[in-house]
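Scroll down for the structure; my scribbles are underneath it.
The values are calculated or read from the model by the stated rules, or taken from the named source; none is laboratory data. Quantities reported herein were computed from a predicted structural model and do not represent experimental measurements. Cβ placement follows ideal geometry from the backbone for every residue including glycine, while neighbour counts extend to all protein chains displayed.
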Amino acid sequence: MSKKENKLEALNLNAYYGDFHALKSINIAMEEKAVTAFIGPSGCGKSTFLRTFNRMNDYIDGFRVEGSILLDGRDIYQKDIRVDELRKEVGMVFQKPNPFPKSIFENVVYGLKIQGIKKKSVLEEVAEKSLRQAALWDEVKDKLDKSALALSGGQQQRLCIARALAISPSVLLMDEPASALDPISSAKIEELIYELKDDYTIVIVTHNMQQAGRVSDHTAFFYMGELVEYNKTKTIFTSPKDDRTQNYITGRFG
């Protein structure tokens, strides 16, 4: 197998909320078409770091970054970067399913319509493809005009994944995508992540270490705003180099 290219990189990244130093000199490179998991105790900076990749933190008063985040080698915090274009490239799925109060179909094609795509045949084709990718098509194909809010929690989360995929991103960010779901729905999301990595670069924040072990190729352990250790998932879980990683994985804190 040829070596995969790096899709995302952070170079000496520091992030601040006002005076609070949330991320401290983070350096990491994430491979294309692989799953990278961020683990660590609550408040350690995992979600803040995840949101730097699509600049979701820009909305927070007092937030600022120093250093660089590279997507395909280009710094996404440069002045000439259009954030709306960036977010087409970098999709996001949140912790709680957040479908719009619209039909299932309208949820999936929402991003395309914002881009000005109106042709019905195109919208229908993308909706079917995205719902199939999100392993939801067979469950909803006969009720696309029904409200998305009538779906179960697990179905709503897969719908949100379909909505993210519809605009053809190359990166998918997932912030604890299964934490609000029951075990069966969580297992479906995990299967989905495993299948999607053939086509997408996926970065997932998870509190569930078993989940990180099952779905990711690489794992990064964060603690108190620092990236303590980053390696192949198997190495992190079987022979971590840092005592803090070992202590977290074995449940001594966190």
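Observations, loosely collected:
- Counted residues, the range 19-57 - those being more than 22 Å from MET209 (Cα to Cα) and in contact with a Phe, Trp or Tyr (Cβ under 8 Å, 6 or more places away or on another chain): 3
- Checking each residue in the range 145-167 for being surrounded by fewer than 19 Cβ atoms within 10 Å (Cβ to Cβ) and touching a strand residue (DSSP E or B) at 6+ places or on another chain (Cβ under 9 Å) picks out ASP145, LYS146, SER147.
- Cβ separations smaller than 7 Å between residues 6+ apart or across chains give the following pairs from the range 28-44 residues that are within 11 Å of HIS207 (Cα to Cα) and in contact (Cβ under 8 Å) with a residue 24 or more places away in the chain to residues that are in a loop (DSSP other than H, G, I, E, B) and of a type outside the set (D, E, K, R): ALA37/THR206; ALA37/SER216; ILE39/THR206; PRO41/PHE253; PRO41/GLY254.
- Cβ separations smaller than 6 Å between residues 6+ apart or across chains give the following pairs from the range 6-23 residues that are free of Cβ contacts under 8 Å to residues at least 60 places away in the same chain and aromatic (Phe, Trp, Tyr) to residues that are surrounded by 15 or more Cβ atoms within 10 Å (Cβ to Cβ) and assigned to a strand (DSSP E or B): TYR17/PHE63.
- Among the numbered conditions (1) buried (at least 19 other Cβ atoms within 10 Å of the Cβ); (2) in contact with a Lys or Arg (Cβ under 7 Å, 6 or more places away or on another chain), the only one that ASN14 does not meet is (1).
- If the condition is being assigned to a helix (DSSP H, G or I) and either over 13 Å from the mean Cα position of the chain (by Cα) or of a type in the set (Lys, Arg) (or both), then the range 169-191 contributes PRO183, ILE184, SER185, SER186, ALA187, LYS188, GLU191.
- Residues of the range 168-184 that are among the small types (Gly, Ala, Ser) and crowded, with 19+ Cβ neighbours inside 10 Å: ALA178 alone.
- The range 207-241: number of residues that are surrounded by fewer than 24 Cβ atoms within 10 Å (Cβ to Cβ) and assigned to a loop (DSSP other than H, G, I, E, B): 8
- Some residue of the range 132-155 being free of Cβ contacts under 8 Å to residues at least 60 places away in the same chain and closer than 25 Å to LEU86 by Cα: yes
- Some residue of the range 97-119 being within 14 Å of the chain's Cα centre (by Cα) and farther than 26 Å from THR245 by Cβ: yes
- The set of residues from the range 213-254 being modelled with pLDDT under 95, among the aliphatic types (A, V, I, L, M) and out of contact with any Pro (no Cβ under 9 Å at 6 or more places or on another chain) is empty.
- Residues in the range 28-38 include none that are within 17 Å of LEU173 (Cβ to Cβ), over 17 Å from the mean Cα position of the chain (by Cα), surrounded by 15 or more Cβ atoms within 10 Å (Cβ to Cβ) and not aliphatic (A, V, I, L, M).
- If you go through the range 1-12 and keep only what is part of a strand (DSSP E or B), within 21 Å of THR219 (Cβ to Cβ) and over 19 Å from the mean Cα position of the chain (by Cα), you end up with just LEU11.
- Extreme residue, nearest to GLN155 (Cα to Cα), among residues of the range 87-132 that are among the aliphatic types (A, V, I, L, M) and surrounded by fewer than 19 Cβ atoms within 10 Å (Cβ to Cβ): LEU123
- Wholly within the range 50-168, helices (runs of 4 or more DSSP H) carrying at least 3 residues that are hydrophobic (A, V, I, L, M, F, W, C): 104-114, 120-133, 153-166
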